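One structure below.
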Amino acid sequence: MAQVLIVDDSPTEIHILTTILQKLGHSVQTANNGEEGVARAKELKPDLILMDVVMPGMNGFQATRQISKDPATSHIPIIIVTTKDQETDRVWGLRQGARDYVTKPVEEVVLVQKLKELLGG
């Protein structure tokens with residue numbers, strides 16, 4: 001069982017992702033924006049982070065870069081989960097330090113596969 005941090009400003013998306021993760025037996029923590037996501041990552045040291053991109057204040061690309069560059073949190077794999085489906089967005093997200101990139105609406109089978117790859121489950 002892993003601890004997963006969901007960083008997303010949409011209650012609907014948080015609900016969908018939480019349902020998928022809890023069904024797999026993972027525990028879920030949430031943050032509603034990039035700043036809170038960075039702070040919670042440092043505080044919780046989760047096993048994985050699911051990061052939205054389009055959020056008020058610090059966006060998901062900026063938060064991903066901060067988390068992946070900080071020695072205290074750089075080991076935490078991040079999957080960007082976003083509506084931004086352009087190849088340039090995907091490449092940019094991975095360059096910020098994300099390990100993977102999933103577009104919304106999230107397909108459960110796709111997310112489950114990526115979780116298995118990153119969590120070794």
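For this structure, a couple of remarks:
- Calculated Rg and Dmax of the range 56-121 using C-alpha coordinates, Å: 12.0, 34
- Global form of the range 1-54, assessed from the alpha-carbon gyration tensor, a/c cut-off 1.5: oblate
- Counting other Cβ atoms within 10 Å as a rough exposure proxy, the listed residues Ile20, Ile6 run Ile20, Ile6 from fewest neighbours to most.
- Amide H within-cut-off set for Val102, under 5 Å, with H built and near neighbours excluded: Ile80, Val81, Thr82
- Helix-only CD estimate at 222 nm, as mean residue ellipticity for the chain, using -39500 (n - 2.57) per DSSP H run (n ≥ 4): -14000 deg cm²/dmol
- Total lysine pairs whose alpha carbons fall under 17 Å of each other in the range 19-121 (8 or more apart, or interchain): 6
- Per-selection metrics, the chain (Cα): Rg and Dmax in Å: 12.6, 34
- Using Cβ point charges alone (K and R +1, D and E -1), the dipole size of the range 3-119 about the Cα centre works out to roughly 320 debye.
Laboratory data are not the source of any read-out in this text; all were calculated from the coordinates shown. In this text the structure is predicted, and so the values were computed from the model without any measurement. All Cβ positions, even for glycine, are placed from backbone atoms using ideal geometry, and neighbour counts span all protein chains on display.
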